[in-house]
Amino acid sequence: MPRKKLKGKVISDKNDKTVVVIVERKYQHPFLKKVIKTKKKYQVHDENNKCKVGDMVQIEESKPWSKNKRFKILEGAI
């Protein structure tokens, strides 16, 4: 099964080797046909602490790094 790849914006870089990324998705409601926006926060592993607040990044599903961290930053970040 392929790994999930998502694009989002860094909203926090205060923790060591961790950034918080917010991912916004749009989808159409199946019955009402209205476009709905949802946002979700992901804790992402950042080995070299190179991402700063406001950066657009691409994240990929990976092995569990901790209780909440299940994603890592791709090398070819946006």
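The magnitude of the dipole of the chain, with charges of +1 and -1 set on the Cβ of Lys/Arg and Asp/Glu and taken from the Cα centre, is near 520 debye.
Per the 1.4 Å probe, what fraction of the accessible area of the chain, in percent, lies on carbon and sulfur atoms? The value for the chain is 51 percent carbon and sulfur by accessible area. Here the label points at SER12 and LYS26, each 7 Å from Cα along the C-beta direction, are separated by 2.8 nm in the simple model.
Of the residues LYS50, LYS33, LYS67, which exhibits the maximal mean-square fluctuation in a Gaussian network model of the chain defined by a 10 Å Cα contact cut-off? Between LYS50, LYS33, LYS67, it is LYS33 that shows the largest mean-square fluctuation. Place a point 7 Å from the Cα of LYS39 along the Cα-to-Cβ direction; which residues of the range 56-72 have their backbone N under 19 Å from it? Backbone N within reach: 56-59. Considering Cα pairs under 8 angstrom that are at least six residues apart, work out the relative contact order of the chain and quote it in whole percent. Here the relative contact order equals 32 percent. Taking a temperature of 10 °C and a viscosity of 1.306 mPa s, what whole-number D in µm²/s does Stokes-Einstein yield for the chain with Rh from Kirkwood over alpha carbon pairs? Estimated diffusion coefficient is 120 µm²/s.
Take the residue pairs LYS9/LYS39; LYS9/LYS34; LYS37/LYS67; LYS14/LYS67; LYS5/LYS37; LYS14/LYS37 and return only those whose Cα atoms are more than 21 Å apart. Please report the intermediate quantities before stating the final value.
Working: LYS9/LYS39 11 Å; LYS9/LYS34 25 Å; LYS37/LYS67 27 Å; LYS14/LYS67 18 Å; LYS5/LYS37 18 Å; LYS14/LYS37 27 Å.
Beyond 21 Å between Cα atoms: LYS9/LYS34; LYS37/LYS67; LYS14/LYS37.
Per residue, the accessible area of the chain comes to 76 Å², computed with a 1.4 Å probe over protein heavy atoms only.
The values are calculated or read from the model by the stated rules, or taken from the named source; none is laboratory data. All values reported here derive from a predicted model rather than from experimental measurement. With ideal geometry, Cβ positions are generated from the backbone for all residues, glycine too; neighbour counts draw on all protein chains shown. Remember, those area values only see protein heavy atoms, side chains included, never the ligands or the DNA or RNA. Shrake-Rupley method; radii C 1.70, N 1.55, O 1.52, S 1.80 Å.
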